[in-house]
Amino acid sequence: METLDIKLPQMALLYGLCLLPWLLLWLIGLRLSRDIGIGILRMSIQLALVGIYLKALFDLNNPWLNGLWILVMLLVADLSILRRAGLKARYFVLATFVAIAFSIVLSTAYLVVLVIQPPHFYDARYIVPLAGMILGNCLQGNVIALERFYSALRKNENEYTTFLMLGASRWEAVRPYFREAIKAAINPTIAGMATMGLVSLPGMMTGQILGGSEPWLAVKYQIAIMICIFTSSTVASIINLKLSLTIAFNAFDVLREEVIKKP
Amino acid sequence: MLPIIRFDQVSVTTHEKTILSDISFALFVGEKAVLCGKSGSGKSSVLRTLLGLHPLKSGMVYFQEQPLTPESVQFIRSCTAYIGQEPILGAENVREALLLPFQFKAHRDHRPTQAQLLEVLQRLQLPEDILNRDSSRISGGEKQRIALARGLLLGKKLYLLDEVTSALDAESKRVVFDVFSDPQLTVLSVAHDPEWLERCGIVYELEAGRLTQVRRNGNS
């Protein structure tokens, strides 16, 4: 079963639907025309570019090109995590890269090579969207882990110092904040799994069903992706935070102020 | 006899501001010393520098004649009790707060018995039932005595006291004085309290990060 194409005139018709919210917003006195226009335009251009790129990627289906695409995604995610967590990339770029690259490669390879087993493990149709989805969720988890940990440490500086003075090693002194940060990072994924299918239909499953898959097949893929997201978020956050501990402190276990971005 | 603490021409800067400049002094076992001066004169920074919390710009700090280095800092911290104006108990209730340091590897094998806990409470004139009291229901003065009890349980010999007397009533102050009359215990403190100053053998006057005067009271 093929998914029905949306032809150009229908596409124009689709954009026409935006006139309704635009009109309503205008009527209640919200002048958002500019923002709405920019939003829709950006979405369209960005997705068109991705479409062109993915089309080429799928047609060529070259293992090196697929690998390069994943590498680019990892680098963009790396910088985005550090920017949003308020840490200076100069210090943490390598640690974060190692953490996310390891966990993404591990969980994507596990899923593709051992579970799905396509004829070519590097098949762009599988590894590009799956790695992308796992990475997107992993990114959220890592931002929360780093941001929570370093803000808790700065907020509780006196408590942390007290632990050190009472004979704690650096690891023993940061452990309470470390655990809280990891918990905050993985809680949304655990809660998401617990309510999956009840509150809304997950995006990937919906996409597969629209693409013509059997619901059963879509369900199995959704479970697969959730397990990989959970695994990679947890592994990446723990490795990332652990590696950052070796960078963010001086030899006397004091947090180096220069590694944190000034708000 | 060798000094327990020695500052040798120590200068410290943080955020490009000089907080200590060219500080030299030595303190021997059993001595009780007090740092005084206006706020911002660097009194607390002396205590924090000894604990490795401020990087040295020049000079050297020695503890039992060993230089302060990343390798020696944990040993120095394990021998030293730092008690501030509002000590952090770091646990839900007082019993857990007293036992907190014994969760760490450095002290895991020296967990005190119930009898030792009660003995130290009595020494600081804290009631037995305080053990089960919630940390949020402990006053500032009690927190300081609990922090002191924790130091005694850990067998610490050097006490860095930062404005401890300000939260204590006359009775608690006397208890604290009694504890420190032990000739084994060395004290380096920050205080304004005249009674405390009188009790301390050595008074260091600080001004804008410099040591301007050293007075020795008759009894030292």
Quick calc, the protein assembly as shown, dipole around Cα centre from Cβ unit charges on Lys, Arg (+) and Asp, Glu (-), nearest 20 debye, gives 660 debye
Set A:LYS242/B:LYS43; B:LYS17/B:LYS156; A:LYS183/B:LYS17; A:LYS262/B:LYS156; A:LYS88/B:LYS157; B:LYS32/B:LYS143, cut-off 30 Å on Cα-Cα distance; pairs above it are A:LYS242/B:LYS43; B:LYS17/B:LYS156; A:LYS183/B:LYS17; A:LYS262/B:LYS156; A:LYS88/B:LYS157
Counting only DSSP beta bridges fully inside chain B, the antiparallel percentage to nearest 5 is 55 percent
Mean Cβ-within-10 Å packing, highest first, puts peptides B:165-176, A:225-236, B:38-49 in the order A:225-236, B:38-49, B:165-176
By the C-alpha gyration tensor axes a ≥ b ≥ c (rounded if a/c is under 1.5, else prolate when a/b exceeds b/c, else oblate), the shape of the stretch B:56-199 is oblate
If unit charges are put on Cβ atoms (+1 for Lys and Arg, -1 for Asp and Glu) and the dipole of the stretch B:14-128 is taken about its Cα centre, the option from B:GLN116, B:GLY42, B:PHE63 lying farthest towards the positive end turns out to be B:GLY42
Rounded to the nearest 5, the percent of DSSP beta bridges in the protein assembly as shown running antiparallel is 60 percent
In order over the stretch B:171-179: 3J(HN,Hα) from phi, Karplus 6.51/-1.76/1.60, θ = phi - 60°, whole Hz, x for each Gly or Pro, gives 5, 5, 4, 4, 4, 5, 4, 4, 4
Computed for the stretch B:158-220: size of charge dipole around the Cα centre, +1 on C-beta of each Lys and Arg, -1 on C-beta of each Asp and Glu, debye to nearest 20, value 280 debye
With R₀ set to 25 angstrom, the calculated FRET efficiency between the beta-carbons of A:CYS18 and A:ALA48, to the nearest 0.05, is 0.90
Relative to chain A, whose Cα atoms define the longest principal axis, helix A:33-60 and its Cα axis are tilted in degrees, nearest 10, by 90 degrees
Shape call for the stretch B:112-180, from the Cα gyration tensor axes a ≥ b ≥ c (a/c under 1.5 means rounded, otherwise prolate when a/b beats b/c, else oblate), comes out oblate
In the stretch B:1-149, taking the dipole from +1 charges on Lys and Arg beta carbons and -1 charges on Asp and Glu beta carbons about the Cα centre, the listed residue (B:LEU131, B:ILE146, B:PHE7) farthest towards the positive end is B:PHE7
Dividing the helical contributions, -39500 (n - 2.57) per DSSP H run of n ≥ 4, by the residues of chain A yields a 222 nm value, nearest 500 deg cm²/dmol, of -25500 deg cm²/dmol
Once amide hydrogens are built 1.01 Å from N within the peptide plane, the residues lying 5 or more places from B:THR13 or on another chain with amide H under 5 Å from its amide H are B:ILE19, B:LYS57
Non-local residues with an amide H under 5 Å from the amide H of B:TYR159, with H modelled 1.01 Å from N and Pro and chain starts lacking one, are B:ALA81, B:THR186, B:VAL187, B:LEU188
A correct Kirkwood calculation over the Cα atoms of the stretch B:1-112 returns a hydrodynamic radius in Å of 15.8 Å
Relative to chain A, whose Cα atoms define the longest principal axis, helix A:63-85 and its Cα axis are tilted in degrees, nearest 10, by 50 degrees
Residue by residue through the stretch B:137-145, the couplings from Karplus 6.51 cos²θ - 1.76 cosθ + 1.60 with θ = phi - 60°, in Hz, x for Gly and Pro, are 9, 10, 6, x, x, 5, 4, 5, 5
Helix B:114-123: inclination vs chain B longest Cα principal axis, degrees, rounded to 10, gives 60 degrees
Across the alpha-carbon set of the stretch A:155-263, Rg over Rh with Rh taken as the Kirkwood radius works out to 1.19
Taking max minus min of the Cα coordinates of the protein assembly as shown on each principal axis, largest first, gives extents in Å of 100, 53, 48
Expected vector for the stretch A:182-188, Karplus 3J(HN,Hα) from phi with 6.51, -1.76, 1.60 and θ = phi - 60°, integer Hz, x for Gly and Pro, equals 5, 4, 4, 6, 9, 4, x
Projecting the Cα atoms of B:GLY209, B:PRO183, B:ALA167 onto the charge dipole of the stretch B:151-220, where Lys and Arg contribute +1 and Asp and Glu -1 at Cβ, the residue farthest towards the positive end is B:PRO183
Pseudo-spin-label distance B:ASP182 to A:PHE102, built 7 Å along Cα→Cβ, given in nm, is 4.5 nm
For the stretch B:136-185, the dipole about the Cα centre with charges only on Cβ (Lys and Arg +1, Asp and Glu -1), to the nearest 20 debye, works out at 200 debye
Everything considered on the Cα gyration tensor (a ≥ b ≥ c; rounded for a/c under 1.5, else prolate if a/b is larger than b/c, else oblate), the stretch A:1-124 must be described as oblate
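Where a number appears in this text, it was derived from the coordinates with a stated rule and is not lab data. Everything numeric here is computed off the predicted structure, so don't read it as measured data. All Cβ positions, even for glycine, are placed from backbone atoms using ideal geometry, and neighbour counts span all protein chains on display.
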